[in-house]
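Single-structure report; data block below.
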């Protein structure tokens, strides 16, 4: 006769909550909360990857990486948009100064 504990299937691996939060914030950074969501995705993504490496039996590294990629891309796009905005208006100011 087998013991009851040997007939149970193994427990499924747990997923890091921080990894899920990172992915959700990364998606929010592209839709509802552009800059705040992206920064939160980057911060929680790094925290989740450290947690997954530190804790055996904890999954979610792929989710954390996806959140990091979405967050970093949105932050880089925001920086490029801000830089182009400044350069365009600096050029307009320079043109009006030359024309006057």
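Nothing in this text is a laboratory measurement; each read-out follows from the coordinates by a stated rule. Computed from a prediction, not measured in an experiment: that's the story for all the values here. So basically every Cβ, Gly included, is an ideal-geometry build from the backbone, and we count neighbours across all protein chains shown.
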Folded to 0 to 90 degrees: helix 17-29 orientation relative to the chain principal axis, Cα: 30 degrees
5 Å binning of all Cα-Cα separations within the chain, expressed as whole percents from 0 upward: 3, 14, 16, 12, 10, 9, 8, 7, 6, 5, 3, 2, 2, 1, 1, 1, 1, 0, 0, 0
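Output the relative contact order of the chain, whole-number percent, from Cα pairs under 8 angstrom with separation of 6+ residues.
Working: 131 pairs, mean separation 29.4, N = 100.
It comes to 29 percent, rounded to a whole number.
Would you mind getting me the FRET efficiency between residue 69 and residue 90? Use the beta-carbon distance for r and R0 = 35 Å, nearest 0.05. Please report the intermediate quantities before stating the final value.
Details: r = 31 Å, r/R0 = 0.90.
Efficiency at R0 = 35 Å is approximately 0.65.
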Computed label-point distance, nm, for sites residue 11 and residue 46 using a 7 Å Cα→Cβ extension: 3.1 nm
Cα-based helix-to-principal-axis angle, 61-99 vs the chain, degrees rounded to 10: 0 degrees
Highest-fluctuation residue, 57, 26, 45 considered, GNM on the chain with Cα pairs under 10 Å: 57
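Fully extended, how many nm does the chain gain between residue 97 and residue 80 (0.36 nm per residue separation, minus their Cα-Cα distance)?
Numbers: separation 17, 0.36 × 17 = 6.12 nm, distance 2.55 nm.
Stretched out fully, the residue 97 to residue 80 stretch lengthens by 3.6 nm.
At a 10 Å Cβ-Cβ cut-off, how would you order 98, 69, 86, fewest neighbours first? Please list the in-between numbers first.
Working: 98 7, 69 15, 86 10.
Fewest-to-most ranking of 98, 69, 86: 98, 86, 69.
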